[in-house]
1. Kindly list, by first and then second residue, each pair from a residue in the range 38-55 that is within 12 Å of W124 (Cα to Cα) and without any contact (Cβ under 8 Å) to a residue 24 or more places away in the chain to a residue that is in a strand (DSSP E or B) and of a type in the set (S, T, Y), limited to pairs with Cβ atoms under 6 Å and residues at least 6 apart or on different chains.
2. From the residues in the range 70-84 that are of a type in the set (A, V, I, L, M, F, W, C) and assigned to a loop (DSSP other than H, G, I, E, B), which one is farthest from P101 (Cα to Cα)?
3. Which of the residues spanning the range 27-65 are among the β-branched types (V, I, T) and either in a strand (DSSP E or B) or in contact with a helix residue (DSSP H, G or I) (Cβ under 8 Å, 6 or more places away or on another chain) (or both)?
4. Which condition number does E24 fail, the rest of (1) surrounded by fewer than 17 Cβ atoms within 10 Å (Cβ to Cβ); (2) touching a residue at least 60 places away in the same chain (Cβ under 8 Å); (3) under 19 Å from K128 (Cα atoms) being met?
Amino acid sequence: MLKSMLSAAALLAVLAAGAAFAAEPATTSPPMMKDGMFVTAKGMTLYTFDKDATPGKSVCNGQCATNWPPALAGDGAKAAGDWTIITRDDGLKQWAYKGKPLYAFAKDTKAGDKTGDGFLNGAWHVAK
């Protein structure tokens, strides 16, 4: 009984943590510009990743995508101008600007935070 209660508590803790870092819903419009940088509909800063060296390809999968949720493109989203939509390894669609996939950062807690800029020895950059 105690073991099943602990298992249930652990599961709830994992689900709650996952919800805190869940990606924003997919959008049909590309991210917007605010204060000289691209942001999500909720105003969260978006980033590019230097290891995404091949245009139109994301290498941020698995745990990386948990920490850096992709800016998802919804059904009906259309590429236009410098905005493209890539297909990730998991099959989801992601917004890219000039071929660079865009991501939020799980440790940014409020609109305007830029705590991911320069992360991983400078591999992550605010998208501008």
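Read the figures in this text as sums done on the coordinates, not as results from a lab. Not measured: the values here are computed from a predicted model. With ideal geometry, Cβ positions are generated from the backbone for all residues, glycine too; neighbour counts draw on all protein chains shown.
1. Qualifying pairs under 6 Å: none.
2. Step one: list which residues in the range 70-84 are of a type in the set (A, V, I, L, M, F, W, C), which gives 71-73, 77, 79-80, 83.
Then keep just the ones that are assigned to a loop (DSSP other than H, G, I, E, B); that gives 71, 77, 79.
Numbers: A71: 8, A77: 15, A79: 13 Å.
In this case the residue turns out to be A77.
3. Correct list: T27, V39, T45, T48.
4. Status for E24: all satisfied but (3).
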